[in-house]
Structures are given as C-alpha cells and as structure tokens.
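The values are calculated or read from the model by the stated rules, or taken from the named source; none is laboratory data. What you are looking at is a predicted structure, and each value in this text was computed from that prediction instead of being measured. Here the Cβ is made from the backbone with ideal geometry for all residues, glycine too, and neighbour counts use every protein chain on show.
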Amino acid sequence: MTEPNTLDRHAHAWTLASAGLALLPMPVRLLLVLLMLGAIVWQMGAVRPGRNTGCALLAAMLAIKSSEMRTLRDARSLLGFALFAPFSAFLLDQGPLTTTLALLAGTSALLALQRLAQAEGRSTASTLPQQLRGIGRLLALGLPLALAAFWLFPRLSTPLWGLPERSVGKPGLSESMDMGQWLDLMADDSPALRVTFFGPAPAPDQRYWRGPVLTHFDGQRWERDPDSERMPPPQVSRSATRWDYQIDAEPTDRRLLVALDLPTAAPEGSRLDADYTLSSDRTLASLSRWRLQSSAPTQFAPALSLLQRRQALQLPPGLNPRTAALAQQWRQQAGADDAAIVKRAMDWIHAEFAYTLETPPRSAMAWTSSCSNRRPGSASTSVRPSWC
C-alpha cells in the first residue's frame with residue numbers, strides 16, 4: 001500500500017473540515033461566514049462603492065449561486081445572470097482583449113443554455129458546430145436591435161446602478177497622495193474645471209490656483225496636517241485688484257476645490273479653511289458651478305510658527321539615510337542660510353534630475369535605492385542617481 005502524498009493529505013483534511021462545518025448549527029456557521037468576510041475586507045483595505053466593488057460583488061454572487069444549484073431551472077437562472085458578467089467588464093475597460101474575452105464568455109453561456117435545452121428535451125441533439133451556428137444566428141438577430149438601442153435611446157447621465165465613478169486615476173484633489181499611484185493623472189488630458197472671468201483676467205503669472213497643502217509624510221504617503229483647520233489664519237496682505245470669475249468643476253467624488261489665489265470668501269455651499277483651502281460641503285458627484293472673487297496676495301504668511309515649521313520639516317526616522325546625510329552636509333556648508341540650501345537643491349534638481357512615468361516599486365528607500373541602482377527618477381519620487 002502506497003503512502004498518501006501531500007495532496008491526498010490536504011484533501012482528506014479539507015473533507016473532514018467541510019463535514020465538521022456541515023454539522024455545526026446555523027448560527028455558528030453564519031458567524032464563521034461573517035468573520036471570513038470581515039477578514040477579507042480587512043485584508044483588502046477600505047472598500048468603497050464603485051465599479052470595482054460592484055463588479056467584484058457580481059462575480060462573488062455568481063460563484064455563490066453555483067453552490068446552491070439543485071435543478072435545471074437553477075442552472076438556467078445562473079447562466080442567465082452569467083450573461084451580465086462579461087458586460088460588467090466593459091465598465092472597467094473597452095479594449096480588444098476585454099471584447100474578445102466577453103465574446104467568448106457570452107458564447108460559452110449561450111452554448112451551455114443550449115445544452116440545458118437538450119437535457120430537458122426541448123430541442124433535438126446536435127453537434128458542437130451546429131450549436132455554434134445556432135448561436136451565431138441568434139447574435140445576428142440581436143445585433144440590429146442592439147445598434148438601434150444604442151442610437152435611439154438617450155445616454156445615462158449618471159453611472160450604472162447609481163454607483164459613483166471610478167476614483168482611481170481620475171482628475172481631482174485628494175487629502176493624501178501616494179508615491180506612484182497618481183501618475184495616471186499626468187497622462188489624463190480630460191478637463192478638471194472650466195473658468196469664466198467677468199471683467200479683466202489675471203496675467204498668466206498670476207493664475208496660481210490654491211489647493212490643499214500636504215505637509216505630513218510617513219515615507220509612503222503625503223497627507224494634510226489634521227490640525228491645519230484649527231490653526232490660526234496666516235497673516236495676509238492683499239492687492240487692490242480683484243478678479244470676479246466662475247468655476248465649473250468636474251465631478252471628482254471628493255470635496256476639495258481650487259480657487260484663484262487668494263479667495264476673498266467662500267461661496268454658498270462651501271467653506272474656507274484657515275489656510276485658505278476651499279472645500280465643498282457635499283461630495284462633488286456631478287458637475288458643479290461656483291462663483292468666486294479673489295485678490296492677489298502681496299504677502300502670505302511671511303513667517304511660520306515654530307510648531308508649523310517643525311511639523312513641515314519632520315521626516316520618518318530611518319528614511320533615506322544617504323539623502324539625510326547629504327542634507328546635513330549642505331547644512332554644515334551653508335550654516336543658517338536656509339535660502340542657500342533651497343537654491344542649491346532646486347538648481348541640482350533642474351540641472352540633473354531625470355523624470356519618467358515608469359516608477360520603481362514603492363519603498364521607503366525609494367530615493368536611496370534609485371540612486372544606488374543608477375536609474376532616472378520618476379515624476380513621483382524625483383530622484384537623480386549620479387551623486388550616489
């Protein structure tokens with residue numbers, strides 16, 4: 001008698017576990033299922049409504065439905081719902097590969113429905129080529145109806161199922177920014193907002209749009225300081241020139257807005273933080289219009305408080321030791337001249353840094369590792385290898 005292999009032992013263990021689970025009372029089984037779902041959600045991170053979540057939910061429901069089939073009627077219902085799954089993929093991508101896979105999946109579902117009809121005695125037995133020709137005739141009959149519906153029926157102004165638009169790689173301001181996760185925006189040429197000026201427009205060098213300032217950095221993510229809203233407003237001096245304008249902001253599923261530096265007041269339905277960051281009272285789920293007035297600042301926060309300076313300059317411990325050593329070397333050479341250090345760093349960046357949209361894997365040592373490997377910097381990490 002041969003020894004059972006590893007697969008046999010695992011199959012035996014899973015069989016015993018499944019049998020034991022079936023003997024448990026219903027409340028215990030329900031609790032275990034809820035714990036398993038909670039563990040999956042926790043492992044995936046925060047789950048928000050959207051296209052990805054909806055498509056994943058549809059796939060999970062189809063998989064669970066297959067486990068409770070008892071009759072041919074259940075199989076027909078499952079295959080009918082399965083026809084929606086390939087089309088949900090078009091909510092995420094409309095490329096040729098997705099189209100090919102959707103056609104194969106739809107053809108397979110229709111072929112399975114024909115097999116069920118034969119099993120029920122509703123149609124005569126036929127070969128696979130005959131069944132495929134029958135499916136082709138059905139598709140040929142349905143294609144004109146689909147084209148007519150496409151041209152005659154109006155487009156939906158809101159996403160399907162009432163779910164918000166996809167938030168990844170979508171123009172919009174966020175209160176956080178991850179390394180390597182926002183590069184799709186650089187290749188996105190869709191408009192983020194449209195501006196109409198009533199009266200004179202500012203010169204190009206005065207069209208600075210104020211948004212959130214991300215000062216907290218943990219080695220992977222930049223975030224807004226949670227205490228920024230409670231800090232005293234900065235000292236501001238304004239010019240006499242005022243600009244009256246209107247913003248048509250595209251939906252972003254977020255609350256943050258931009259305003260021409262510096263807004264004089266928050267329009268109705270929005271609020272102005274202490275650092276003059278403008279945000280909406282509600283999520284920007286559709287096209288919104290804002291009427292604002294701004295005046296150019298002649299002076300804005302000429303000096304940071306000691307607490308603000310410490311928070312803005314704080315870095316995680318152990319982050320990029322070689323870069324920190326370079327900064328200490330510059331400090332020793334420049335002494336207390338902060339402007340000289342900033343100028344030296346900016347001259348170095350403008351003269352020697354290289355940018356690319358092909359980012360390396362995210363790491364807390366992104367700068368140092370990129371320098372060691374002598375690779376050009378990405379638009380998110382901005383590293384230059386030659387000095388290492």
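One table, with the values for the structure above:
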{"read-out": "Residues satisfying the stated conditions in segment 282-299, i.e. outside any strand (DSSP E or B) and surrounded by 18 or more Cβ atoms within 10 Å (Cβ to Cβ)", "value": "Leu284"}
{"read-out": "Residue that is farthest from Arg210 (Cα to Cα) [pool: residues in segment 259-271 that are part of a loop (DSSP other than H, G, I, E, B) and touching a residue at least 24 places away in the same chain (Cβ under 8 Å)]", "value": "Pro267"}
{"read-out": "Top-ranked residue of segment 191-226 - restricted to ones that are exposed (fewer than 12 other Cβ atoms within 10 Å of the Cβ) and more than 23 Å from the chain's Cα centre (by Cα), ranked as nearest to Ala312 (Cα to Cα)", "value": "Asp205"}
{"read-out": "Test: residue in segment 339-356 that is under 24 Å from Ser176 (Cα atoms), of a type in the set (D, E, K, R) and modelled with pLDDT under 85", "value": "no"}
{"read-out": "Filter pass, Thr323 being closer than 23 Å to Tyr208 by Cβ and either touching a strand residue (DSSP E or B) at 6+ places or on another chain (Cβ under 7 Å) or surrounded by 14 or more Cβ atoms within 10 Å (Cβ to Cβ) (or both)", "value": "no"}
{"read-out": "Gly172, sole failed condition from (1) among the small types (Gly, Ala, Ser); (2) closer than 15 Å to Ala249 by Cα; (3) modelled with pLDDT of 65 or more", "value": "(3)"}
{"read-out": "Filter result for the condition that a residue is within 30 Å of Glu250 (Cα to Cα) and modelled with pLDDT under 75, over Leu152, Leu160", "value": "Leu160"}
{"read-out": "Qualifying positions in segment 88-101 - touching a Ser or Thr at 6+ places or on another chain (Cβ under 9 Å), exposed (fewer than 14 other Cβ atoms within 10 Å of the Cβ) and assigned to a helix (DSSP H, G or I)", "value": "Phe90"}
{"read-out": "Tally of residues being in a helix (DSSP H, G or I) and either in contact with a helix residue (DSSP H, G or I) (Cβ under 7 Å, 6 or more places away or on another chain) or among the hydroxyl-bearing types (Ser, Thr, Tyr) (or both) across segment 102-127", "value": "13"}
{"read-out": "Among (1) of a type outside the set (D, E, K, R); (2) in a loop (DSSP other than H, G, I, E, B); (3) without any contact (Cβ under 8 Å) to a residue 60 or more places away in the chain, the one test that Ser279 misses", "value": "(2)"}
